[in-house]
Amino acid sequence: MGEYELLCLSCGNKIPDGFTNKCPSCGKGQTLIRTEYKEKQLNPINVRGFWRFLPWLPCLEAGGGFEGKTAVYKSLVLSKELGLRNLYIAFNGYWPEREANLKTCTFKEFEAAPTFQRASEKGIKNLVLPSAGNTARAFISAAGNFEVELFVVVPYSHINRLKLSGEVPDNARIIAVNADCDYSDAIAFANRMTNELGIVNEDGVHNVARREGLGTVFLEAALHIERIPDHYFQAVGSGTGGIAAWEASSRLLADCRFGNKPVKLHLSQNHPFTPMVDAWKNGSRDLEKMHEENQKKAISEVNAHVLTNRNPPYSIKGGVYDCLKSSDGNMYSIKNNEIVDAKILFLDTEEIDIQPASCVALASLCNAVESNNVDKNDIILLNITGGGAERLSEDFETHVLEPDIICDKDTEMEDLKDALSR
Ligand SMILES: *Cc1c(COP(=O)(O)O)cnc(C)c1O
Ligand SMILES: [Zn+2]
């Protein structure tokens, strides 16, 4: 299953896959690599949940007993409220009445399972993952089903975001990086663990398993709608989900049974931290160089903190800029008060709670309707990337996770190694 070749988007070279995430010829990873699957048509296999897309995932087997799925349905009440005829919701999170069963309440669970599975198939023994919250939650909760050892690096200041309903499995270790560190500092720390301790980096957006995993949301929707939607709305921090949707749309075009028009991406961020929106509105491939202090101040003012990546893969080949350009897409800047309104709107119309990031996406759809960026007859897919946390708390208790080790941003790796072996 999932037979594929890895190709570099820059030099076009074929790359042998030993859990390889960057082109060996093209240097510092300024380009994405892409999977080319043997099967050109989407033929889901007969298993429950997201693994039914195994032929288009870079894995041989459906692993870890993961049965998470996206709930896709046609909206009745919200769509009527917005004056739309064909609004589809891809709901990722916990909503048992609609068979949405992601207990960390975000689509990041679709990144975790195939990453672990691909890693174990390639003989990888350990992985290090930097995260500001949701990625850590998804990977920690999936880790117990795989043999790979997981090291999660989180900023200490974000530790109270690490809530789970289950226990931390034995093969997952949480390293908190102290003082005023943020996500970018956690990334730098994880890179040192890779360079100095040889712990394999999961490589974020560069990892095809993560992108293809997120792409299953789009595949699930296309199967339900029976065609590629005209528009795709998502809030972005890194933009990995947007890139994944674009790549899934491209594969479905080649399939020939889902229409012949690529999707248009509508991606959004939370004002005042909107680096990608600003660059896109300036027609620029490059993010504006901003002073770190100013960035951190802007970040502290947004509600949807999962959208605050300071180094998103916007400029790289095959990244957010290229996908937006190819799809003739749009970007939206959403204010905190619009998030509040969107949350109420969704609760009133669809009757479930959604996370701030999903509110950003919904607010962007409202903006698009007002500014006629979409037509009322268009087929629209709204990715609710995270929802149902309040619904989940009716059924399960959640608790904040304890870090195994608290480090400083410049803790020596030798000292970390000692601490880890204790
Ligand atoms: C991570 C995350 C996003 C942003 O996803 P990217 O595509 O990686 O930018 C949006 N919503 C939720 C709930 C998330 O956890
Ligand atoms: Zn290359």
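Given the criterion open to solvent by 50 Å² or more (accessible area, probe 1.4 Å), within 22 Å of residue 5 (Cβ to Cβ) and touching a residue at least 60 places away in the same chain (Cβ under 8 Å), identify the matching residue among 111, 121, 81. Working first, answer last.
Details: 111 fails: open to solvent by 50 Å² or more (accessible area, probe 1.4 Å); 81 fails: within 22 Å of residue 5 (Cβ to Cβ).
Result of the check over 111, 121, 81: 121.
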(request) Pull up segment 1-15, narrow it to residues that are within 13 Å of ligand 2 (Cβ to nearest atom) and outside any strand (DSSP E or B), then point me to the one that is nearest to residue 247 (Cα to Cα). (result) 9
(request) Answer yes or no: is there a residue in segment 30-43 that is open to solvent by 50 Å² or more (accessible area, probe 1.4 Å), more than 16 Å from ligand 2 (Cβ to nearest atom) and aliphatic (A, V, I, L, M). (result) no
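Given the residues 162, 214, 197, 219, which is the only one that is over 20 Å from the mean Cα position of the chain (by Cα) and open to solvent by less than 50 Å² (accessible area, probe 1.4 Å)?
Details: 162 fails: over 20 Å from the mean Cα position of the chain (by Cα); 214 fails: over 20 Å from the mean Cα position of the chain (by Cα); 219 fails: over 20 Å from the mean Cα position of the chain (by Cα).
Step by step, each of 162, 214, 197, 219 is checked, and only 197 is over 20 Å from the mean Cα position of the chain (by Cα) and open to solvent by less than 50 Å² (accessible area, probe 1.4 Å).
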(message) Cβ-Cβ distance below 6 Å, separation of 6 or more or different chains: which pairs start in segment 24-35 with a residue that is without any contact (Cβ under 8 Å) to a residue 60 or more places away in the chain and end on one that is within 16 Å of ligand 1 (Cβ to nearest atom)?
(response) none
(message) Just to verify a result, which residue in segment 3-21, among those that are among the hydrophobic types (A, V, I, L, M, F, W, C) and open to solvent by less than 30 Å² (accessible area, probe 1.4 Å), is farthest from residue 58 (Cα to Cα)?
(response) 8
(message) What's the total number of residues in segment 55-101 that are part of a loop (DSSP other than H, G, I, E, B) and over 19 Å from residue 347 (Cβ atoms)?
(response) 17
(request) Keeping to segment 16-29, report how many residues are within 26 Å of residue 219 (Cα to Cα), within 13 Å of ligand 2 (Cβ to nearest atom) and charged (D, E, K, R). (result) 1
(message) I'd like the full set of residues that are touching a Phe, Trp or Tyr at 6+ places or on another chain (Cβ under 9 Å) and among the β-branched types (Val, Ile, Thr), limited to segment 375-398.
(response) 379, 380, 384, 385
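Listed here are the residues, each with its yes/no results for (1) closer than 18 Å to residue 272 by Cα; (2) modelled with pLDDT under 95; (3) within 19 Å of the chain's Cα centre (by Cα).
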| position | (1), (2), (3) |
| --- | --- |
| 313 | no, no, yes |
| 343 | no, no, no |
| 349 | no, no, no |
| 356 | yes, no, yes |
| 366 | no, no, no |
| 372 | no, no, no |
| 384 | no, no, yes |
| 390 | no, no, no |
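Can you confirm whether residue 86 is in contact with a Ser or Thr (Cβ under 8 Å, 6 or more places away or on another chain), within 14 Å of ligand 1 (Cβ to nearest atom), under 22 Å from residue 223 (Cβ atoms) and among the polar types (S, T, N, Q)?
Values: in contact with a Ser or Thr (Cβ under 8 Å, 6 or more places away or on another chain): yes; within 14 Å of ligand 1 (Cβ to nearest atom): no; under 22 Å from residue 223 (Cβ atoms): yes; among the polar types (S, T, N, Q): yes.
The answer is no for residue 86.
If a residue has to be in a helix (DSSP H, G or I) and out of contact with any Leu (no Cβ under 8 Å at 6 or more places or on another chain) to count, how many in segment 221-246 make the cut? Walk me through how you get there before you give the answer.
To start, the set of residues in segment 221-246 that are in a helix (DSSP H, G or I) comprises 221-225, 240-246.
Next cut, out of contact with any Leu (no Cβ under 8 Å at 6 or more places or on another chain) only: 224.
Looking only at that region, the number is 1.
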(request) Provide a single number: the residues in segment 281-305 that are assigned to a helix (DSSP H, G or I), under 25 Å from residue 329 (Cα atoms) and open to solvent by 50 Å² or more (accessible area, probe 1.4 Å). (result) 2
(message) Please pick out the residue among 215, 144 that is more than 16 Å from ligand 2 (Cβ to nearest atom), at pLDDT 95 or above and not basic (Lys, Arg).
(response) 215
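The values are calculated or read from the model by the stated rules, or taken from the named source; none is laboratory data. Keep in mind that what you see is a predicted model, and the values were worked out from it rather than measured. Every residue, glycine among them, receives a Cβ derived from its backbone with ideal geometry; neighbour counts consider all protein chains shown. To get the accessible areas, we keep the full protein, side chains included, count just its heavy atoms, and leave off ligands, DNA and RNA. Shrake-Rupley method; radii C 1.70, N 1.55, O 1.52, S 1.80 Å.
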